[in-house]
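What follows is a set of notes on a single structure, which appears directly below.
The values are calculated or read from the model by the stated rules, or taken from the named source; none is laboratory data. Model, not experiment: these values are computed from the prediction. Please note: Cβ atoms are built from the backbone with ideal geometry, for glycine as well, and neighbour counts cover all protein chains shown. Note: accessible area is taken over every heavy atom of the protein model, side chains too, but ligands, DNA and RNA are not part of it. Shrake-Rupley method; radii C 1.70, N 1.55, O 1.52, S 1.80 Å.
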Amino acid sequence: MVAQREQEIRERDSALKEKTARLSVASNSLLVVAKLAVGFAIGSVGIISEAIHSAIDLVAATIAYVSVRQSARPPDECHTFGHGKYESISGLLEAVLILVAAVLIVNEALKNLLGGEETLNVDGLGLGIAVMLLSAGVNVYVSSRLMTVAKKTESIALESDAWHLRTDVYTSAGGSSSGSS
């Protein structure tokens, strides 16, 4: 009876983790499209750089989603203690992706600072600010949801994704204050 109850709790937690990881994938997909569209429309390298960052966030969220699904698999001959390490690997991969995003963003910024043409459409600044504030709001909600579920289910992958998105709130809010280059 106790073993059956524990199994039910594991299955419920796995379903909750998977659903929450899907939310992160969906929100990052939306933000990539929105930031690219607005960034190109108004000629903002800053917003396009944020779109690149969000694309890397999307890859990280997808990795977290896959790891959550894999870690829910029951033990087998090769993994007698289960598949929980998939979530630990996800956290490591997310750290590498954050580093890649930083390099790409610094590269774009340096190109712009060292001779990029000023092509910002000042008339579109309101739209740029709006998409960055939307991004910050979405990331606040999603990161809070991820952290709540991570704590409840002891998910390393979801907690890593939550912390990552929380830091993105600050870059999105910072990007909205400049809204340019």
* If you check VAL25 against the conditions, is it touching a residue at least 40 places away in the same chain (Cβ under 8 Å), closer than 16 Å to ARG166 by Cα and open to solvent by 20 Å² or more (accessible area, probe 1.4 Å)? -> yes
* Just give me the residues in segment 16-65 being polar (S, T, N, Q) and part of a helix (DSSP H, G or I), in sequence order. => THR20, SER24, SER27, ASN28, SER29, SER49, SER54, THR62
* So which pairs qualify, if the first residue must be in segment 1-17 and open to solvent by less than 100 Å² (accessible area, probe 1.4 Å), the second must be modelled with pLDDT of 80 or more, the Cβ gap must be under 7 Å, and the two must be at least 6 apart or on different chains? -> ASP13/THR153; LEU16/VAL149; LEU16/THR153; LYS17/VAL68; LYS17/VAL149; LYS17/THR153; LYS17/SER155; LYS17/LEU158
* **Neighbours by Cβ (under 6 Å, 6+ apart or cross-chain): first from segment 127-139, without any contact (Cβ under 8 Å) to a residue 12 or more places away in the chain; second open to solvent by 10 Å² or more (accessible area, probe 1.4 Å) and of a type in the set (Gly, Ala, Ser)** => none
* To do: Could you grab the pairs with beta carbons closer than 8 Å, sequence gap of 6+ or different chains, first residue in segment 140-166 and touching a residue at least 12 places away in the same chain (Cβ under 8 Å) and surrounded by fewer than 19 Cβ atoms within 10 Å (Cβ to Cβ), second one among the polar types (S, T, N, Q) and part of a loop (DSSP other than H, G, I, E, B)?
  => none
* Inspect all residues belonging to segment 95-113 and state whether any of them is in a loop (DSSP other than H, G, I, E, B), under 23 Å from ALA37 (Cβ atoms), open to solvent by 40 Å² or more (accessible area, probe 1.4 Å) and at pLDDT below 90. => no
